[in-house]
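Each remark here refers to the structure printed beneath this line.
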Amino acid sequence: MAAHQEKKLAQERKHKPSQNDTQPSQGQWGRAWEVDWFSLASILFLLLFAPLIVYYFIMSCDQYQCSLTDPLRDLLTGNKHLSDIWNKTPTLTYRAAGIYCLWVAFQVVLYVFVPDFCHKFLPGYVGGVQEGAVTPAGVVNKYEINGLQAWIITHVLWFANAYYFHFFSPTIIFDNWIPLLWCANILGYAVSTFAMIKGYFFPTSAKDCKFTGNFFYDYMMGIEFNPRIGKWFDFKLFFNGRPGIVAWTLINLSYAAKQQELYGQVTNSMILVNVLQGIYVLDFFWNEAWYLKTIDICHDHFGWYLGWGDCVWLPYLYTLQGLYLVYHPVQLGAANAVGVLMLGLIGYYVFRVTNHQKDLFRRTDGNCRIWGKKPEYIECSYTSVDGTKYYSKLMTSGFWGWARHFNYTGDLLGSLAYCLACGFAHILPYFYIIYMTILLTHRCVRDEHRCSSKYGKDWKRYTAAVPYRLIPGLF
């Protein structure tokens, strides 16, 4: 009854628009309408300090062999001044600007002008033109899903150059890493500023825009829901997936090449980081069509949070393990290497299978088998602000019977494996697991607050059936 009735009611609402029907959904979807002082303080903190955090991490490797405490010690003891550290930082160069412009332009061409062909010969892969979720204004955008194709073409050309053409060194990314940081910041701020101006003066869908009246909040969290240029260039999909995530594996390959150049070998820890993070990146592009239904596309507006974050935060801080291993090569013992590999693969297995179980349950309205049995679930109802009643099912079988966010648990296991590959000499490579733990724990609390408001007493029944959030028996 659930999925069928929900679909039927949604169709009825679509054909009966009214002020009471559209206005409440605008208040529920996407980011906040009003900004409290705590939210504003958080926004200002991120705008001011997130770029400094990225710079500090990269600078500490360039000037202090990846020590996070030595720069502070030098500054506090007076051995160095901020100007000394800044003056030793490589500046923007024409070479880096040229590399970055060519990179972004190449990814734009692959994204906009090369229709997907992978779905025609890869069994199980969903590519080509796909529909996204309905926006708050009732718009259903179409997307050209071709991220896997872009990743393959890019990496084929990378290896062709490395082993045959030799137009540039495979270490080119590492060798220009800080000058490229300035390029990434320029693009991040430029696209975020352009998106804000576009939201005010020529939005793609004016009804999907949100204005709080607070400049900093609107700049950070975005005004437009799905800013686009032309028919296919969607800002959110492009910057979330390209150029940062396509570059992720290339960055790691450049680190490995630099390790080979400096030490005459690539350590097994560097290979583990490349393999495990490569699996994660490939999973993202293989499931890019599924990504259209995630929170980034379905709920977030496009502002500095996504624009700058995808250009700078993601490629520079998600790759810290490889960067660290260039400065501190680690050769793991056989048992430790196998242990890290197994932890990473187990984390990926849990992450992927948990998401697959949920997707299968939703697609079949529970008429499927999870671990060889018909899934168990809690049947819930909720009422929208216009009085329309909906029905839904919350699965309590499979991994979803172990914990309410067990997919996050798998993600954290994989994240920990990346860090453990680097040994225990420095804390810098462990930033990723610390950051992901905070991020996903906060997301658990936020999601559950929303679900509690949505389902009421049915949510209490669900939490009684599945009492743990992330770790069975503990949390």
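Structure data summary
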| quantity | calculated |
| --- | --- |
| Quotient of C-alpha Rg and 2.2 N^0.38 Å, computed over the range 359-413 | 1.34 |
| Average accessible area per residue (Å²) across the range 326-472 - probe 1.4 Å, nucleic acids and ligands excluded | 50 Å² |
| Accessible area per residue in Å² at 1.4 Å probe, computed on the range 55-102 | 63 Å² |
| Charge-dipole axis of the range 90-331 as Lys and Arg at +1 and Asp and Glu at -1 on Cβ define it, positive-most pick from Gly303, Ile197, His155 | Ile197 |
| Cubic angstrom per residue, convex hull over Cα atoms of the range 300-375 | 116 Å³ |
| Isotropically averaged projected area of the range 333-474, using the convex hull of Cα atoms (one quarter of hull area), nm² | 10.3 nm² |
| Stretch gain in nm, segment Glu448-Asn161, where the contour uses 0.36 nm per residue and the Cα spacing is subtracted | 98.5 nm |
| Cubic angstrom per residue, convex hull over Cα atoms of the range 90-331 | 135 Å³ |
| Length-normalised contact order of the chain in % [C-alpha pairs under 8 Å, at least 6 apart] | 17 percent |
| Neighbourhood charge, 11 Å Cβ-Cβ cut-off, centred on Phe475 and excluding it, Lys, Arg +1 and Asp, Glu -1 | +2 |
| Over 18 Å (Cα to Cα) - which of Lys120/Lys231; Lys293/Lys373; Lys389/Lys454; Lys293/Lys358; Lys120/Lys293; Lys142/Lys198 fall in this group | Lys120/Lys231; Lys293/Lys373; Lys120/Lys293; Lys142/Lys198 |
| Burial order of peptide ranges 269-279, 47-57, 294-304 (average beta-carbon count within 10 Å, highest first) | 269-279, 294-304, 47-57 |
| Highest average packing first - 409-421, 371-383, Cβ atoms within 10 Å | 409-421, 371-383 |
| Accessible area of the chain belonging to carbon and sulfur atoms, whole % at 1.4 Å probe | 65 percent |
| Potential lengthening between Val109 and Gln260 on full extension [0.36 nm per residue; Cα-Cα distance subtracted] | 51.2 nm |
| In Å, descending, principal axis extents of the Cα set of the range 175-284 | 57, 29, 24 |
| Space enclosed by the convex hull of the alpha-carbon atoms of the range 145-199, per residue, Å³ | 102 Å³ |
| Kirkwood hydrodynamic radius (C-alpha pairs) into Stokes-Einstein, the chain, 10 °C and 1.306 mPa s, D in µm²/s | 65 µm²/s |
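The values are calculated or read from the model by the stated rules, or taken from the named source; none is laboratory data. If you're wondering where the values come from, they're calculated on a predicted model, not measured in any experiment. Cβ: placed from backbone, ideal geometry, glycine included. Neighbour counts: every protein chain shown. To get the accessible areas, we keep the full protein, side chains included, count just its heavy atoms, and leave off ligands, DNA and RNA. Shrake-Rupley method; radii C 1.70, N 1.55, O 1.52, S 1.80 Å.
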